[in-house]
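The structure appears right after this line, and notes come after that.
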Amino acid sequence: MNRKFARLPIDLLVSKAAAVVLFVYFFFRINPELIYQAQQPVFFFDRLFWAEFGHQPGGALVWLDRLASQLYYHRFLGSILLVLLLTLIPFLFHQTIKIGLNDRPPQNEFFPFAWLPFPILILLYSRYDYALAAALGALIALTLTFLFIRFALKNWVRRLVTFTALFAVLYWMTGGPAFLFAGLIALAWSRSKPLAAAISVATALFLPWLGMHTIWLIRPQEAFTANLNLRSTLPFKLDAFFWICFLVVAAFYWLLPQNKAKSAKTFLTISLAVQSSVVFLALAAALAAPIDTAQQKLLQLDYHARRGQWRQVLETAQDGLINTYIGQFQANRALYHLGRLCSDMFTFEQRAGIDGLFLHESLRAAYPLSFSDLYFDLGYINEAQHWAHESLSVFGETPWNLQRLAEVYLLKGETAAARKCLDRLQRTVWHRRWAKQFLPLLEKPPEKWPDYLRIAKQNMPKTDFLFTPAEPEECLEHLLTDRPNNRAAYEYALAAAMLLGKVGKLMNLTDRIEEFDYRAVPRHVEEAMLLFITNVGQKDHKLPSYGLSQATLLNYRQFLAVLEKYKGDKNAALPELRRFSDTYWFFAMYRLKKQ
Amino acid sequence: MLPKAGIIVCMLAAGLYPAAASQIDRTPKIYPDYAGITIPPNIAPLNFIVEEQGSQYRVVISGENGKPIRIKSRSGKVIIPQRKWRNLLEGNRGKPLQIVIAVQDKGQWREFRPILNRVADEPISETLVYRLIKPLYVYWKEMGIYERDLTGFDERPILLNRTTGDNCVNCHAFADQRSDRMLLHLRAGAPGTAMLLAEGGKVRKIDTSTEFNRAVAYRDWHPSGKWIAFSANTVNQFFHAVGENRDVYDKASDLVLYDIENNRITGSPKTATEMMETYPEWSPDGRTLYFCRTDPLEKYDPSEHPYRKIKYDLMRIACDPEKGLWGEVEPVFEASRLGKSVTHPKVSPDGRYLLFCLAEYGNFSIYRPDSDLYLLDLHTGQVRDAWELNSDKSESYHCWDADGHWVVFSSKREDGLCARPFFSRFDGRGFSKPFVLPQKDPAIYRRLLKTYNVPELVSGKVSVDRRALLKAAWSRAVKAKLDPELGRRAQDEADEMWKPVPKP
């Protein structure tokens, strides 16, 4: 095996083909837009935002992270960013080893293990919540290491002074990644100038300690790990291994024995081939490694819901999420927006019951803006405001939070607060146009607002009542009393009555059904009405003028016939009644009591 | 009045003044509103934005003495040089200060009627300490306690909750506005609920909960520095469907005294009754404790929420904590009789006046848009609306400066959402028009989505060691002892109303 053959995989890696493979991987498999959805990186072009990062080492890197992360907003740009970052890091590391740790007579120009961080980076950035700061920090630290070694001063005292100054600046800018710079430099110096290496390590430990006791108000953990993205939840401690990997690989080449004998050439060639193969296999494994599909689907669901892509919301929810609280919640919202809530909601199990309509209390802090969305749909603007502010606390001043708050404050007539949110939005990367288009609405009367805002305004309650977090559905009655034409509240009230098994309440609601522009009674409402009439009689309730559909009546007769066949034994009838599983009767019989 | 012609001559000579400016017979609009105000001679430059259409702006700030300050601007943003400003104010103590603004629009210069302010003789305390936090509903994440040099623009964190496990840091207070004696509370999060008490160069972490009381909250340091009066409150939050949506009421509250030297919770059965007592405030001589009091919730019909009926009166009790002597509780201002509720009583340093918040109900004035400041003359018993300070939005937490010439208070007048610290001079008769804390970038309040919480004036830069605070926050809390005379009381196990963002 000759050396040319041995370096083939690495050549392949750095070739355009490898970049294309990586691009395809991130564009199609990961989808950076979902990373944006997960991280919702906040960034503003203004000094106020910059000032937020002044109280910590590495603040500049966090700022840069937030700026670069904006590219995730577009799938293509996000993929390009990741490809560039992930290939530049091992490339720079390789070049650094080549010039820095190879200060002995050249044994070769090729260090395959320098590409080991590459598969690790792929694994790390296949996680949707992994911040860019680590990769950016590594890139900056490696660039500085390369330049420092490449243009090294001859005088060792000057070299040390320069190192100290550069480390201080790098630490101030990036935090923890500066230790990578210090570690590699110390390793590079350790053979020729062990004292200088020791001084560099001591400097790297002393300066953060000094900063912690003079400049920054931080704890030791923060002083020594800022921006290293060390999180205990990652498998195999990959996050920590990413940083250690650089030093281990550098040490490996530093320790590799020198042998100028002829036989050593063969050993070197074999060694390179083995190293290349290891890297290649690691890379293949990283690309083929399973990703967190559950998280990916949740993010997709959130992504589509945020953009009002309701058909996609339904598809995503039905792809394995329908039995989750958030899946049911978003699916119900999607059905409402598609005008199908009361006719199709039992096409899936509705296992969560009322929590599938109003989101379980335990999840509200995790999805505060989604919860705000629901109340915005219902015209309950004060609760939409409440949860938008919770979202502001949880996720910060994200464009979506600011948009919601601007809408809320416009609706409440608090234009100064709305203006404040729009001012912030005008300093974002992608949402400034939205803010500019929204701003004139502050001066316009509601009649000239877009439909969704006019409807929300019309549905806002006029008289006060108190919100009950444990029983959010109670608000529907208040909303309808105050605004009888609030269609969203009406449909949610019908759905809530069915989910809670309060068919009598539903009958009261159906007395008003003709006040809304239905062409026919929604199927599930018909089913619930039939159930009520069968059990209790019609009583004072009138049937809508457009009557009940023949299909529903026929279906109900068949349902009852099956039940009768089994003499009312619902357990025995279950296998046969499963064909009615998309009806309210089935839900009422088999699901309601279980909740 | 200043010799305006003289100023114009100076300006013409300096090439600053437009030769053919038309006169506009009104004062220009500026933001923040720094027109017609009285300012301390040591306040930071009042940078502002001229809100008049134009392509060039020229501003001359002058007084009877000293060199006028001339500023050119193309954006309308007027950034005043600090040294010149300081000299100008120092030379014009007790005298008027004039701001002349000329604007060029479409090639034409227009000069507005001068803005007239006044420099007071009395300086203000040099430091303002506050908590910066996003408008809080239930969940919090980032917050911090900061100090701001009022003579300049330096803002420095005292404690950031990022360093204390994202917990809640609040209720900072200083003994007699001394910068070396401070307390603050930590709630929830990894360091636990406790008080950090800094005095004598040391910081102690104290768990103030006892068998009698939950962890303490609202506080006032006794003038002797030996005791701190606290209220221990069980707070509940709820949400309205119309108007301001946040609201708070106490389910229970009592007053206790913390004896610093003996690390002991003590008090009087007269202020820890079945009634709900809160917001303690010492008189400057330390012989009277003022507080707010209302009926217990048991009094109300349980079938409906009583929040609108909860009205606090202003009370007081004579006491000598050194000897453990307590007088009788007596009403000072029975606001409930007027259908109102009193909160945050603050006595002026000379003991003559008491400034407080008055709202329709409840004790959480920052959430009540109708909360206004009122002034009680303790000599005459006369109460008056401090209308000079009030707006149609919430005016709430306030603080006198050490000499009683200045007050700072929180107001949401700007947007109803974020509280800002406003200052006003008090001359014994009334208050001057308030002005907002000056900022280096005068546009900052239009963008900053954070609220300035609990503004406290302090004499000088906070000298408590910030790193000692941080270290103490992570240390083990020392449990406060309970004075057996207070007895035990069943503790409400209610969940905290404000919570940290749950970790994923």
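The values are calculated or read from the model by the stated rules, or taken from the named source; none is laboratory data. Because the structure is a prediction, the values reported are computed rather than measured. Glycine gets a Cβ as well: all are built from the backbone with ideal geometry, and neighbour counts include every protein chain shown. Side chains are part of the model used for accessible areas, which takes the heavy atoms of the whole protein and leaves out ligands, DNA and RNA. Shrake-Rupley method; radii C 1.70, N 1.55, O 1.52, S 1.80 Å.
Please report, largest first and rounded to whole Å, the three semi-axes of the ellipsoid equivalent to chain B, where each semi-axis is the square root of five times an eigenvalue of the C-alpha gyration tensor. Intermediate results must be reported in sequence, preceding the final value.
Details: eigenvalues 390, 107, 99 Å².
They are 44, 23, 22 Å, listed largest first.
Sorted from largest down, what three extents in whole angstroms do the Cα atoms of region B:331-421 have along their principal axes?
If we take the Cα atoms of region B:331-421, the spans are 36, 33, 19 Å.
If I model a spin label at A:THR463 and B:ALA190 as a point 7 Å from the Cα along the Cα→Cβ vector, what separation in nanometres do I get?
The two pseudo-label positions are separated by 5.1 nm.
Once you have the Kirkwood Rh of region A:539-595 from its Cα pairs, apply Stokes-Einstein at 37 °C and 0.692 mPa s and quote D in µm²/s.
Details: Rh = 12.6 Å.
Answer, rounded: 260 µm²/s.
How much area per residue is accessible in the protein assembly as shown when the probe is 1.4 Å and only protein heavy atoms are counted (Å²)? Don't skip to the answer; put the middle values down first.
Working: 45500 Å² over 1099 residues.
Accessible surface, normalised per residue, equals 41 Å².
Please find the FRET efficiency linking A:ARG433 to B:ARG467, where r is the Cβ-Cβ separation and R0 is fixed at 56 Å, and quote it to the nearest 0.05. Intermediate values should be presented prior to the final figure.
Numbers: r = 46 Å, r/R0 = 0.82.
Given R0 = 56 Å and the Cβ-Cβ separation, E is 0.75.
Hey, which of these cross-link pairs are over 21 Å Cα-Cα: B:LYS202/B:LYS450; A:LYS98/A:LYS237; B:LYS205/B:LYS226; B:LYS440/B:LYS471? If you can, show how the numbers build up before the last one.
Details: B:LYS202/B:LYS450 31 Å; A:LYS98/A:LYS237 28 Å; B:LYS205/B:LYS226 17 Å; B:LYS440/B:LYS471 32 Å.
In this structure, B:LYS202/B:LYS450; A:LYS98/A:LYS237; B:LYS440/B:LYS471 exceed 21 Å between Cα atoms.
What is the packing order of peptides B:303-314, B:181-192, taking the mean over residues of other C-beta atoms within 10 Å and listing the highest first?
Numbers: B:303-314: 17.4, B:181-192: 20.9.
Averaged packing, sorted descending, gives the order B:181-192, B:303-314.
Can you pull the Rg over Rh of the protein assembly as shown, Cα-only, Kirkwood?
Working: Rg = 34.3 Å, Rh = 33.7 Å.
Here the Rg-to-Rh quotient is 1.02.
Taking R0 as 60 Å, what's the FRET efficiency between A:ARG519 and B:GLU360 from their Cβ-Cβ distance, rounded to 0.05? Write out the running numbers ahead of the final one.
Details: r = 49 Å, r/R0 = 0.81.
The computed FRET efficiency comes out at 0.80.
At a probe radius of 1.4 Å, figure out the A/B buried accessible area, summed over both chains, and give it in Å² to the nearest 100.
Values: alone 27700 and 21540 Å², together 45500 Å².
Chains A and B together bury roughly 3700 Å² of accessible area.
P(r) for region B:85-161, please, calculated from all Cα pair distances in 10 Å bins and given in %.
15, 25, 23, 23, 14, 1
Principal axis lengths of region A:47-152 from Cα atoms, whole Å, largest first?
52, 30, 18
Largest first, how would B:ASP441, B:ASP254, A:ASP319 line up by accessible area (1.4 Å probe)?
Details: B:ASP441 45, B:ASP254 15, A:ASP319 80 Å².
Sorted descending by solvent-accessible area, the residues read A:ASP319, B:ASP441, B:ASP254.
For a test of the definition: using alpha carbon positions, the gyration tensor, and the 1.5 limit on a/c, classify region A:255-379 as rounded, prolate or oblate. Walk me through the intermediate numbers first.
Numbers: a/c = 4.71, a/b = 3.91, b/c = 1.20.
Here region A:255-379 falls in the prolate category.
With Cβ to Cβ distances under 9 Å as the rule, what net charge do the other residues near B:PRO96 carry (K, R +1; D, E -1)?
Values: positive: B:LYS95, B:ARG118; negative: B:GLU64.
Combined, the nearby Lys, Arg, Asp and Glu give +1.
Measuring from label point to label point, each 7 Å out along Cα→Cβ, what is the B:ASP427 to A:PHE206 span in nm?
6.0 nm
Got a sec? Which residues of region A:395-426 lose 50 Å² or more of accessible surface with every protein chain in place, vs. that chain alone, 1.4 Å probe?
Residues of region A:395-426 that lose at least 50 Å² of accessible area once the other chains are added: A:LYS420.
Summing -39500 (n - 2.57) over the DSSP H runs of n ≥ 4 in chain B and dividing by its residue number, what mean residue ellipticity at 222 nm do you reach, to the nearest 500 deg cm²/dmol?
Details: 3 runs with 28 residues, N = 504.
That comes out to -1500 deg cm²/dmol.
So if I take the alpha carbon set of region B:229-306, get Rg, then get Rh from the Kirkwood formula, what is the Rg over Rh ratio?
Rounded to two decimals, Rg over Rh is 1.07.
What spacing in nm lies between the two simple spin-label points modelled at A:ARG311 and A:LEU281, each 7 Å away from Cα in the Cβ direction?
Between A:ARG311 and A:LEU281, the simple spin-label model gives 4.7 nm.
Would you please classify the overall shape of region B:326-484 from the alpha carbon gyration tensor, given that a ≥ b ≥ c denote the square roots of the eigenvalues, rounded means a/c under 1.5, and beyond that prolate means a/b larger than b/c while oblate covers the rest? Could you put the intermediate results ahead of the total?
Working: a/c = 1.56, a/b = 1.09, b/c = 1.42.
Here region B:326-484 falls in the oblate category.
So between B:SER224 and B:GLN56, what do we pick up on full extension, going 0.36 nm a residue minus the alpha carbon distance?
Numbers: separation 168, 0.36 × 168 = 60.48 nm, distance 5.62 nm.
That works out to 54.9 nm of additional length.
So how far, in whole Å, is the C-alpha centre of region A:309-379 from the one of region B:358-407?
47 Å
Taking the Cβ of A:PRO575 as the center, what net charge do the other residues with Cβ under 13 Å away carry, scoring Lys and Arg +1 and Asp and Glu -1?
Numbers: positive: A:LYS565, A:LYS570, A:ARG578, A:ARG579; negative: A:ASP569, A:GLU576.
Result for the neighbourhood of A:PRO575: +2.
Can you give the FRET efficiency for B:SER22 and B:GLU90, using 1/(1 + (r/R0)^6), R0 = 35 Å, r = Cβ-Cβ distance, to the nearest 0.05?
Using R0 = 35 Å, I get an efficiency of 0.50.
Based on the mean of other beta carbon atoms within 10 Å per residue, what is the order of A:360-366, A:270-276, A:155-161, A:68-74, most packed first? Working shown, then result.
On the way: A:360-366: 16.1, A:270-276: 18.3, A:155-161: 13.3, A:68-74: 20.0.
Ranking the peptides A:360-366, A:270-276, A:155-161, A:68-74 by packing returns A:68-74, A:270-276, A:360-366, A:155-161.
So for region A:102-195, taking the charge dipole from beta-carbon charges (+1 Lys/Arg, -1 Asp/Glu), which of A:LEU139, A:ALA186, A:ILE120 sits furthest toward the positive end?
Towards the positive end, the residue furthest out is A:ALA186.
When all C-alpha to C-alpha distances in chain A are sorted into bins of 20 Å, what percent of pairs does each bin hold, rounded to whole numbers?
17, 38, 27, 15, 3, 0
Just to be sure I understand the curve: with the Debye formula and one point per C-alpha of region A:374-511, what is log10 I(q)/I(0) at q = 0.09, 0.19, 0.22 Å⁻¹?
For region A:374-511, the Cα-only Debye profile gives -0.31, -1.07, -1.29.
Cα-Cα over 28 Å: which of A:LYS462/A:LYS505; B:LYS346/B:LYS412; B:LYS72/B:LYS106; B:LYS251/B:LYS323; B:LYS134/B:LYS393?
Numbers: A:LYS462/A:LYS505 23 Å; B:LYS346/B:LYS412 20 Å; B:LYS72/B:LYS106 17 Å; B:LYS251/B:LYS323 32 Å; B:LYS134/B:LYS393 18 Å.
Beyond 28 Å between Cα atoms: B:LYS251/B:LYS323.
Could you check what % of the DSSP bridge pairs in chain B are antiparallel, to the nearest 5? Mind showing how you got there, number by number?
Numbers: 121 of 133 bridges.
Here the antiparallel bridges make up roughly 90 percent for chain B.
Looking at the protein assembly as shown only, what percent of DSSP beta bridges run antiparallel? Nearest 5 please. Let's see the in-between values first.
Working: 122 of 134 bridges.
Roughly 90 percent of the beta bridges in the protein assembly as shown run antiparallel, per DSSP.
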